Amino acid sequence: MNIKREDLDVLLSEEQIQTRIKEIGAQITEAYKDRDDLHVIAVLKGSFMFLTDLVKAIDLELTVDFLGLSSYGDSTETSGVVRMTQDLSLPIKNRHVLVVEDIVDTGLTLKYLVENLQTRHPASLAIVSLLDKPENRTVDVDVQYTGFTIPNEFVIGYGLDYAEKFRNLPFIGVVRKG
Ligand code: 5GP
């Protein structure tokens, strides 16, 4: 399907997203204020925009690293097979790791990621996801901070793509029905 910007309805506006990120940032600041060494890991590519706004909303010293995972290919259905496309550049042993995800759908990506990161012995491991689509979950995953719980629809924008496009939209949209 060839989608254009005009085919999208706004599900979450830029203002809604920014307001919620400030709340989550304050929560994370409070939760980690007595721990040294907060290490934020963003899962590429979808969480790049969430990461940049979230770290600005966390009022602590922190470090950032990136990890590339892919399970979708070019379609809107998960392939179920998670692949690491880029590994971390820094060790995480004994560090307080906060993983930043764009969206949790089936949970397969996060399960793979958590199992992988646990083998590297972080001091603690928590997840923050901007979006959660619980209806489609096939495996249990523990997400400590969630921005918005949304219906089981394919969403686009604010880092999330449709066939690699639309990641630059400042809002989150859905394809208009009918
Ligand atoms: P899961 O493994 O939980 O099924 O899927 C997680 C990954 O699939 C997300 O990190 C994201 O890249 C992609 N994904 C899941 N749902 C959507 C969606 O509605 N829109 C887009 N663009 N990507 C999604």
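Each reported figure results from applying straightforward, stated rules to the coordinates on display, with no laboratory input. Just so it is clear, the model here is predicted, and its values are computed rather than measured. When we count neighbours, we look across all protein chains shown, and the Cβ atoms used for this are built from the backbone with ideal geometry, even at glycine.
So what is the relative contact order for the chain, in percent, with contacts set as C-alpha pairs under 8 Å and at least six apart?
Normalised by residue count, the contact order of the chain is 25 percent.
About its Cα centre, how strong a charge dipole does the range 1-49 have in debye, to the nearest 20, once Lys and Arg get +1 and Asp and Glu get -1 at the Cβ?
Computed about the Cα centre, the dipole is about 140 debye.
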About the Cα centre of the range 64-178, how large is the charge dipole given +1 on each Lys and Arg Cβ and -1 on each Asp and Glu Cβ? Please answer in debye to the nearest 20. 160
Using the 10 angstrom Cβ neighbour count as an exposure proxy, how do D34, D102 rank, fewest first? D34, D102
Could you give the distance between the Cα centres of the range 91-105 and the range 1-56, to the whole Å? 14
In what sequence do M49, M84 fall when counting other Cβ within 10 Å, fewest first? M84, M49
Angle check, please: helix 108-118 long axis (alpha carbons) against the longest principal axis of the chain (alpha carbons), in degrees 0 to 90, nearest 10. 10
In nm, to one decimal, how far is the N2 label point from the K177 one, both placed 7 Å along Cα→Cβ? 2.6
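Where a ≥ b ≥ c are the square roots of the eigenvalues of the C-alpha gyration tensor, would you call the range 74-178 rounded, which needs a/c under 1.5, or, failing that, prolate if a/b is larger than b/c, or oblate? Please list the in-between numbers first.
Details: a/c = 1.90, a/b = 1.78, b/c = 1.07.
Because a/c hits 1.5 or more and a/b exceeds b/c, the range 74-178 counts as prolate.
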Counting only backbone N atoms under 18 Å from a point 7 Å out along Cα-to-Cβ of L60, the residues of the range 13-39 in range are 21-39
By how many degrees, between 0 and 90 and to the nearest 10, does the Cα long axis of helix 48-57 differ from the longest principal axis of the chain? 50
Compute the normalised compactness of the chain: alpha-carbon radius of gyration over 2.2 N^0.38 Å, N being the residue count. 1.01
Once you charge only the Cβ atoms, +1 for Lys and Arg and -1 for Asp and Glu, what is the size of the charge dipole of the range 4-96 about its Cα centre, to the nearest 20 debye? 260
Which angle from 0 to 90°, rounded to the nearest 10, does the C-alpha axis of helix 14-32 make with the longest principal axis of the chain? 20
Among the listed pairs K111/K165; K56/K165; K111/K133; K33/K111, which are separated by more than 19 Å between their Cα atoms? K111/K165; K56/K165; K33/K111
Given the Cα-Cα distance of L90 and V10 and 0.36 nm per residue of separation, how much length would full extension add, in nm? 25.1 nm
Suppose R0 equals 25 Å; then what is the FRET efficiency for E164 and E23 from their Cβ-Cβ distance, rounded to the nearest 0.05? 0.25
